[in-house]
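The values are calculated or read from the model by the stated rules, or taken from the named source; none is laboratory data. Please read these numbers as outputs of a predicted model, since none were measured by experiment. No Cβ is skipped: glycine too gets one built from the backbone with ideal geometry, and neighbour counts run over all protein chains shown.
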Amino acid sequence: MQNTVSKDTFEFSLKLRPVALVLACALALFPVQAQTLEGMVISATRATQRSFDTPAAIESVDRDTIQNAGPQVNLSETLNRVPGLTILNRQNYAQDLQVSIRGFGARSAFGIRGIRILIDGIPATTPDGQGQGSSISLPSTERIEVLRGPLALLYGNSSGGVIQAFTREAPEQPEFDAQYYAGSFGMHRNDLQFAGRIGEGLGAVGLVADYSTFDTNGYRDNSKTERKQFNGKLSFGPDEKTRVNLVFNQFDMPLAQDPLGLTAAQLATNPQQAGTNAISRNVRKTVLQNQVGSSLTHALDADRSVTARAYYGTRDNLQYQVGIAPATPNGAWVGLNRDYYGLGLQYNAKTEIAATPVRWVAGYEFDRSREKRQGGAAALGEKTGTPTRDEINQAENSDLFVQATALVSEKLSVVGGLRYSTVRMVSDDNYLADGNGSGNTSFNAASPVLGVTYHASDAVNLYANYGKGFETPTLAEMAYNGAGTPAFNTALNASSSQHYELGAKWAPSVRSRLDFTLFQINSTDEIVVASSSGGNSTFKNAPGTSRSGWELAGRTLFGPQWSGTLSASMVDAQFTQTFTSATGATPVTVASGNKIPGIPQSFLFAELLWSSQAQDAVKRSRSLSGLGTRAGAELVSAGRLYANDTNTATADGYTTLNFKASHGWVLGKGSLTAYARIDNVTDQRYVGSVIVNQASSQFYEPAPGINWTLGLRLIVPL
């Protein structure tokens with residue numbers, strides 16, 4: 001393959017050079033000294049460790065950032081500042097966000113795939129690799145960690161990256177927290193939260209209980225949504241060595257209308273309109289999910305601990321689709337009733353081998369999902385006749401893993417790990433009399449990881465990692481065989497990938513930090529669309545793909561009141577071998593060198609923030625985080641987005657500017673804070689996301705123009 005640099009890549013590199021130079025010069029203004037910045041993370045090594053010392057590309061987004069990023073409805077409000085992660089708000093709550101890490105997950109038509117999601121250590125991703133970002137309740141989340149690169153592969157199937165959310169701990173002083181937001185397009189957001197400890201000493205019980213509601217008319221026609229969510233966490237310790245967490249969450253979405261995608265002509269005429277037949281067929285979705293889980297950590301001694309977890313949940317999903325007959329009122333419906341459960345056991349230890357300190361972890365995880373899936377015809381958005389699809393789908397994984405980090409010398413540490421995964425999928429067809437729609441298959445894979453970190457100084461760490469990962473097809477992708485009929489497609493293989501990563505972390509002062517990463521990923525048997533016609537899609541394995549790029553993250557305090565954040569990334573994702581697919585009944589050739597669709601080739605987030613409070617003090621104190629005045633500006637820029645494998649449909653890149661401000665007052669022993677945001681100040685019209693390989697060329701999901709949000713937050717100590 002010819003070694004060339006694309007025009008988009010070259011132009012974006014030129015665009016970022018002055019930005020990176022300015023940031024580097026700003027960082028250099030501070031004297032070099034020991035690195036003492038924030039950041040305790042656990043995702044990379046499954047043990048608490050400073051983010052700076054972690055031998056991986058990892059970002060942690062704290063509570064203060066989550067609170068000030070918006071009404072806390074979507075992960076896109078907060079995680080757009082993480083390099084290498086692209087999160088596209090589709091303005092469509094019936095389909096969830098589009099989330100990709102280094103290009104993994106970008107092809108998902110609905111929900112999140114290719115990325116592992118964990119909430120308080122409990123998976124929000126099913127064994128076949130599907131997940132929902134809406135499972136994370138942002139108002140009660142203390143921090144979110146995003147792990148990218150080879151070490152994420154130790155989380156098993158479809159772990160192109162890991163997003164892990166942690167519910168806040170109950171404070172010593174009980175408090176009541178109430179929030180209300182209103183915004184453009186009839187948006188309303190309410191949240192009530194109690195957090196505190198009951199009792200004293202070892203018998204104290206911590207409680208966090210959060211209930212929120214959200215509704216909006218939506219930017220586009222047929223996009224009205226209503227959601228209710230509860231997240232609760234109970235924490236206690238029978239003794240000094242044992243800690244128990246009980247968590248319960250419920251996600252209830254009684255209505256999420258689906259505006260569908262638009263064709264290029266529809267987009268040019270009116271970007272706020274709904275797609276073809278979306279309104280006439282009342283296309284929409286309802287979801288009800290309940291989950292309960294528990295984790296227990298017991299310290300055997302100062303150097304050894306055991307952690308166990310178990311969880312159980314249910315999810316009911318009913319979706320009305322546009323169907324396959326454009327000239328008639330006929331639509332379709334698909335429903336699933338899922339129950340899922342799992343358990344895990346993990347052993348952490350610190351030892352010495354030949355006078356070399358070693359920190360290691362070993363464990364076992366089992367997860368299972370079972371769903372009853374039905375489907376049939378619909379007229380005017382209601383079921384008609386008897387179901388034409390009736391099956392039981394099951395997926396489970398059984399995984400063993402081990403990981404160790406050794407400090408070979410004061411300057412050198414080595415990390416290694418291995419995960420062996422078995423993923424099994426079964427479909428029992430209850431509709432066809434001959435049972436020909438049934439099938440089963442299993443996938444086995446060993447995922448090794450090896451990395452080296454050179455601790456050049458207290459201010460500089462350099463690391464290199466290698467890993468091998470795999471990604472199974474999802475149950476939805478296996479639902480139709482090569483002929484496009486409902487029959488389990490056991491011909492699909494799991495894709496495999498080789499990951500290479502070089503990184504550097506530099507903290508020249510206690511007020512500044514810069515992270516830079518280079519990566520190369522080569523995949524075989526990547527799962528792509530084989531044909532798409534009449535609302536049914538079949539899938540196949542592409543012979544080869546590659547992803548290469550870089551990521552930059554920087555932040556600094558320019559002074560007591562001023563801070564800056566920069567996140568930038570570039571990815572060149574392409575097919576490396578030619579293959580054929582079909583849109584409708586027409587076969588098409590996907591040429592080697594074509595870009596993988598759904599992945600913006602570049603992404604940039606920059607923020608400049610002023611605060612009347614000294615910002616280092618704000619970071620140290622929750623009680624100061626809402627007081628005084630804050631004002632900030634955000635710049636978000638994304639590159640070109642391809643919508644299909646043949647690269648004949650594209651969406652231009654965009655740059656938007658957002659303004660935000662807040663002011664907090666002392667109110668007795670509590671506080672009252674007002675928030676205001678104006679997004680897309682320049683009122684730019686652009687496509688926020690695309691539906692990859694959409695059969696009717698309804699690829700485009702437009703983003704809103706200028707829009708506003710106002711909010712109030714009241715905190716009352718009890």
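Brief remarks follow.
- Filtered residues of the stretch 657-681 (kept if modelled with pLDDT of 95 or more and on the phi > 0 side of the Ramachandran plot): ASN680
- Scan of the stretch 186-212 for residues that are within 25 Å of the chain's Cα centre (by Cα) and closer than 21 Å to ALA676 by Cβ, ordered by number: MET187, HIS188, ARG189, ASN190, ASP191, SER212
- Filter pass, SER438 being over 23 Å from GLY156 (Cβ atoms), out of contact with any Ser or Thr (no Cβ under 7 Å at 6 or more places or on another chain) and of a type in the set (S, T, N, Q): no
- Every residue from the stretch 123-143 that is part of a strand (DSSP E or B) and either surrounded by fewer than 23 Cβ atoms within 10 Å (Cβ to Cβ) or among the acidic types (Asp, Glu) (or both): GLN130, GLU142, ARG143
- Looking only at the stretch 398-453, and only at residues there that are in a loop (DSSP other than H, G, I, E, B) and among the hydrophobic types (A, V, I, L, M, F, W, C), the one that is nearest to the chain's Cα centre (by Cα): VAL408
- Residue that is on the phi < 0 side of the Ramachandran plot and buried (at least 22 other Cβ atoms within 10 Å of the Cβ), where the choices are THR538, THR565: THR538
- Filtering GLY261, GLY237 for residues that are buried (at least 21 other Cβ atoms within 10 Å of the Cβ), over 21 Å from ASP191 (Cβ atoms) and of a type outside the set (D, E, K, R) leaves a single hit, GLY261.
- In the stretch 343-351, the condition of being closer than 30 Å to ASP429 by Cβ, aliphatic (A, V, I, L, M) and assigned to a strand (DSSP E or B) is met by at least one residue.
- Residue list for the stretch 200-240, restricted to those being of a type in the set (Gly, Ala, Ser) and out of contact with any strand residue (DSSP E or B) (no Cβ under 9 Å at 6 or more places or on another chain): GLY201
- Tally, over the stretch 385-416, of residues that are over 30 Å from TYR466 (Cα atoms) and either buried (at least 21 other Cβ atoms within 10 Å of the Cβ) or free of Cβ contacts under 8 Å to residues at least 12 places away in the same chain (or both): 4
- Selection within the stretch 589-615 - touching a Pro at 6+ places or on another chain (Cβ under 9 Å), in a strand (DSSP E or B) and more than 15 Å from ARG81 (Cα to Cα): SER611
- Unique match (being at positive phi and surrounded by 22 or more Cβ atoms within 10 Å (Cβ to Cβ)) among GLY160, GLY149: GLY149
- Here PHE236 does not qualify as under 26 Å from the mean Cα position of the chain (by Cα) and touching a residue at least 24 places away in the same chain (Cβ under 8 Å).
- Selection count, the stretch 225-255, where residues are not in a strand (DSSP E or B) and not acidic (Asp, Glu): 3
- Selection from the stretch 422-446 of residues that are of a type in the set (Ser, Thr, Tyr), modelled with pLDDT under 95 and more than 19 Å from THR388 (Cβ to Cβ): THR441, SER442
- Strands (runs of 3 or more DSSP E) (entirely within the stretch 659-718) containing at least 1 residues that are buried (at least 21 other Cβ atoms within 10 Å of the Cβ), of a type outside the set (Ser, Thr, Tyr) and more than 28 Å from the chain's Cα centre (by Cα): 707-717
- Hits in the stretch 203-224 - residues which are touching a Leu at 6+ places or on another chain (Cβ under 9 Å), surrounded by 20 or more Cβ atoms within 10 Å (Cβ to Cβ) and not in a loop (DSSP other than H, G, I, E, B): GLY206, VAL208, ASP210, SER212
- ARG143 vs. criteria in contact (Cβ under 8 Å) with a residue 24 or more places away in the chain, of a type in the set (Lys, Arg) and under 25 Å from VAL452 (Cα atoms): no
- All of ARG227, ARG197 fail the test of being touching a helix residue (DSSP H, G or I) at 6+ places or on another chain (Cβ under 9 Å), surrounded by 15 or more Cβ atoms within 10 Å (Cβ to Cβ) and either touching a residue at least 24 places away in the same chain (Cβ under 8 Å) or among the small types (Gly, Ala, Ser) (or both), apart from ARG227.
- ASP515 being surrounded by fewer than 17 Cβ atoms within 10 Å (Cβ to Cβ) and touching a residue at least 12 places away in the same chain (Cβ under 8 Å): no
- Candidate set: the stretch 452-493, residues that are surrounded by 17 or more Cβ atoms within 10 Å (Cβ to Cβ) and acidic (Asp, Glu); chosen: the one modelled with the lowest pLDDT: GLU477
- Looking across the stretch 362-408 at every residue that is at pLDDT below 95 and β-branched (Val, Ile, Thr), the one that is nearest to THR314 (Cα to Cα) is identified as ILE392.
- Helices (runs of 4 or more DSSP H) (entirely within the stretch 2-86) containing at least 1 residues that are surrounded by 18 or more Cβ atoms within 10 Å (Cβ to Cβ), in contact with a helix residue (DSSP H, G or I) (Cβ under 6 Å, 6 or more places away or on another chain) and modelled with pLDDT of 70 or more: 63-68, 76-79
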